[in-house]
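Below is one structure, written out as structure tokens; comments come after it.
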Amino acid sequence: MDDHETPLLSKDLSSSSSSSSSSSSVVVSSLKWILKVVMSVIFVTWVVFLMMYPGSLGDQILTNWRAISSNTLFGLTGSMFLIFSGPILVIAILASLYLIISGEETVFTKKKITKFPRFRLWTFPVLVDGPFGVVSAAEFLGIMVFSVFFLWAIYAYTLRNLNVLDYFHVLPNNRSIFLLELTGLRFGMIGLLCMVFLFLPISRGSILLRLIDIPFEHATRYHVWLGHITMTFFSLHGLCYVVGWTIQGQLLELLFEWKATGIAVLPGVISLVAGLLMWVTSLHTVRKNYFELFFYTHQLYIVFVVFLALHVGDYLFSIVAGGIFLFILDRFLRFYQSRRTVDVISAKSLPCGTLELVLSKPPNMRYNALSFIFLQVKELSWLQWHPFSVSSSPLDGNHHVAVLIKVLGGWTAKLRDQLSTLYEAENQDQLISPESYPKITTCVEGPYGHESPYHLAYENLVLVAGGIGITPFFAILSDILHRKRDGKDCLPGKVLVVWAIKNSDELSLLSAIDIPSICHFFSKKLNLEIHIYVTRQSEPCLVSLT
């Protein structure tokens with residue numbers, strides 16, 4: 001009797017567990033769908049209001065909103081903050097809940113092959129060669145929306161300026177100067193509306209970027225575009241007032257004016273100068289050839305933001321406060337994370353001039369094969385952080401992370417010399433004192449990159465790299481092999497690696513991954529081909545490894 005009851009009982013328990021899991025999955029999916037809808041509605045409503053704001057209808061909406069909310073505990077400034085900055089903060093909170101509910105593990109399943117190819121807005125290139133670089137369909141739509149908004153804002157504000165002239169009955173002699181200053185005011189307001197979005201793409205750990213799975217290094221280009229546009233309007237804003245005051249003969253008198261209430265001019269001048277310095281040094285030529293000049297000058301954003309707040313006051317500053325708050329929160333969390341030091345477990349110098357560092361993994365650090373980290377060595381610089389792709393899979397071990405560092409510049413050369421000094425000291429028979437023993441204090445910030453390991457979602461992968469660019473592909477190959485060995489979710493069945501190198505000594509990079517030791521039967525699980533091309537030798541060679 002017991003022999004027959006046990007299987008039936010197990011079957012009942014199994015079906016009960018399956019039913020419970022299914023109902024739980026339905027609840028989670030429903031909650032995620034609700035959060036998506038709510039966030040989408042808030043975002044669309046917020047963006048529509050921002051686009052309407054320069055016109056009379058937008059101004060009327062804001063007037064009605066102030067009338068309703070200014071008498072509450074929020075006050076006049078609070079009402080401005082709620083309508084301009086509140087929505088993005090609410091979306092950030094809901095995005096946090098969405099990601100917590102979603103969990104960390106993503107199961108990839110084979111997708112049905114449709115008769116017609118899918119049109120992907122984020123990946124389909126529309127513009128390839130132009131001032132914006134490679135622009136996808138989604139980015140092109142965004143550029144068009146912003147372009148329409150700028151034209152509409154200029155048109156709407158021009159109409160409102162003319163109405164103001166008629167309303168105040170300005171004398172003909174003062175009409176041009178008044179209109180010039182009023183136009184400058186409108187340019188400044190458009191700059192503030194652009195600044196609403198300026199700090200959102202530059203937050204490295206932004207919950208908003210994680211929600212839409214856009215790595216911050218990709219989103220940085222949006223910050224660059226918005227920065228150019230913002231500074232253009234702020235420059236026009238200042239120029240209009242400078243020309244108007246010069247015509248009046250009051251330039252120096254008004255330029256250094258700092259009122260206790262209302263608009264303070266001098267803080268605005270300081271903020272604009274800081275912004276112009278950041279703008280000039282961020283141009284592509286300067287940034288490419290003098291990166292440290294660009295980096296250190298860009299720290300003037302603190303001066304820019306603080307004196308902007310002093311210039312416009314709390315009422316107008318509340319328009320941009322939401323994005324700035326999220327950036328400051330991200331910066332604080334990054335600072336807290338980067339205070340922790342990690343150990344250098346091993347270091348190896350390869351013949352091609354590349355360093356392989358194996359670091360202890362910080363507690364609670366979770367990364368995937370597409371991640372990269374920022375590395376700081378305090379003995380070299382307290383300020384410089386350099387990004388490096390991880391060359392190890394998270395399945396390689398729970399307590400370490402590996403990176404490959406090509407010695408190309410001053411910082412990497414100093415790191416190589418520091419490691420060489422450390423190695424020589426370890427092999428000396430006598431050391432003068434423990435205090436004289438060379439040290440290397442390393443800190444890690446991150447990981448950053450794509451939130452989901454999308455390389456696991458395709459059956460066929462083609463990986464093309466040049467030189468040290470092979471580093472993330474080592475992590476991808478290691479990740480796939482580990483999953484094949486352990487029977488975990490992994491769709492890729494065929495991987496083609498095409499690697500171009502300058503000299504054959506760069507082949508030593510292959511020692512960073514030992515494929516047979518990870519999965520000795522990998523040829524039965526994975527069709528792997530590696531084609532290596534040597535491009536700068538008198539006798540170029542072609543190597544094919546299977």
### Message
Explain nothing, just the number: dipole magnitude of the stretch 170-339 about its Cα centre with +1 on each Lys and Arg Cβ and -1 on each Asp and Glu Cβ, in debye rounded to the nearest 20.
### Response
360 debye
### Message
Keeping all protein chains in the complex and leaving out DNA, RNA and ligands, what accessible area do you get for Ile263 with a 1.4 Å probe, in Å² to the nearest 10?
### Response
80 Å²
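Give a quick list of chymotrypsin sites (Phe, Trp or Tyr not before Pro) in the stretch 283-322 that DSSP marks as loop, anything other than H, G, I, E or B, with at most 16 other Cβ atoms within 10 Å. Please report the intermediate quantities before stating the final value.
Values: sites: Tyr290, Phe291, Phe294, Phe295, Tyr296, Tyr301, Phe304, Phe307, Tyr315, Phe317; in loops: Tyr290.
Of the chymotrypsin sites (Phe, Trp or Tyr not before Pro), the ones in loops of the stretch 283-322 whose Cβ has at most 16 other Cβ atoms within 10 Å are Tyr290.
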### Query
In the chain, with Lys and Arg counted as +1 and Asp and Glu as -1 at Cβ, which of these residues, Leu31, Trp499, Leu383, has the Cα nearest the positive end of the dipole, that is, farthest along it?
Leu31
### Query
Listed highest first by mean packing, meaning other Cβ atoms within 10 Å per residue, what order do 513-521, 184-192 come in?
184-192, 513-521
### Task
Once you've got the Cα coordinates, tell me which of Lys288/Lys414; Lys406/Lys494; Lys439/Lys502; Lys348/Lys484; Lys414/Lys502; Lys32/Lys288 are over 31 Å apart.
Lys439/Lys502; Lys32/Lys288
#### Entry: Tilt relative to the chain, helix 301-317 - C-alpha long axis, 0 to 90 degrees, to 10
50 degrees
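Taking the stretch 170-339, how much of its Cα-Cα pair set, in percent, is spaced more than 29 angstrom apart?
Numbers: 3760 of 14365 pairs.
Summing the P(r) of the stretch 170-339 above 29 Å gives 26 percent of all pairs.
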## Note on the structure
With the charge dipole of the stretch 170-339 built from beta-carbon charges (+1 for Lys and Arg, -1 for Asp and Glu) about the Cα centre, the Cα from Leu200, Leu300, Ile190 projecting farthest to the positive end belongs to Leu200
### Task
Give me the angle, in degrees from 0 to 90, between the Cα long axis of helix 471-486 and the longest principal axis of the Cα atoms of the chain, rounded to the nearest 10.
50 degrees
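Rounded to the nearest 20 debye, what is the charge dipole size of the chain about its Cα centre when +1 sits on each Lys and Arg Cβ and -1 on each Asp and Glu Cβ? Don't skip to the answer; put the middle values down first.
Numbers: 40 positive and 38 negative charges, 216 e Å.
So the magnitude is around 1040 debye.
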### Task
Could you provide, to the nearest whole Å², the per residue accessible area of the stretch 133-183 with probe 1.4 Å?
62 Å²
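Considering only the other residues whose Cβ falls under 10 Å of the Cβ of Gly205, what net charge follows from Lys and Arg at +1 and Asp and Glu at -1? Present the calculation step by step, with values, prior to reporting the outcome.
On the way: positive: Arg204, Arg210, Arg331, Arg334; negative: Asp330, Glu445.
Counting the neighbours of Gly205, the net charge comes to +2.
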### Query
Around Ile345, which amide H atoms from residues at least 5 apart in sequence, or from another chain, sit under 5 Å from its own amide H, with H modelled in the peptide plane?
Val358, Leu359, Ser360
### DSSP bridge pairs, the chain: antiparallel proportion in percent, nearest 5
65 percent
### Message
If you fit an axis through the alpha-carbon atoms of helix 265-281 and take the longest principal axis of the Cα set of the chain, what angle between them do you get, 0 to 90°, nearest 10?
### Response
40 degrees
### Task
Give the peptides 195-202, 160-167 in descending order of average Cβ contacts within 10 Å, highest first.
195-202, 160-167
### Task
Give the distance, in whole Å, between the Cα centre of the stretch 268-335 and the Cα centre of the stretch 47-108.
23 Å
### Distance from the stretch 128-143 to the stretch 337-397 (C-alpha centre basis), Å
33 Å
### Query
Kirkwood Rh, the chain, all Cα pairs: how many Å?
27.9 Å
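The values are calculated or read from the model by the stated rules, or taken from the named source; none is laboratory data. All values reported here derive from a predicted model rather than from experimental measurement. Note that we place each Cβ from the backbone using ideal geometry, even for glycine, and neighbour counts take in every protein chain shown. Side chains included, ligands, DNA and RNA excluded: accessible areas come from the protein's heavy atoms. Shrake-Rupley method; radii C 1.70, N 1.55, O 1.52, S 1.80 Å.
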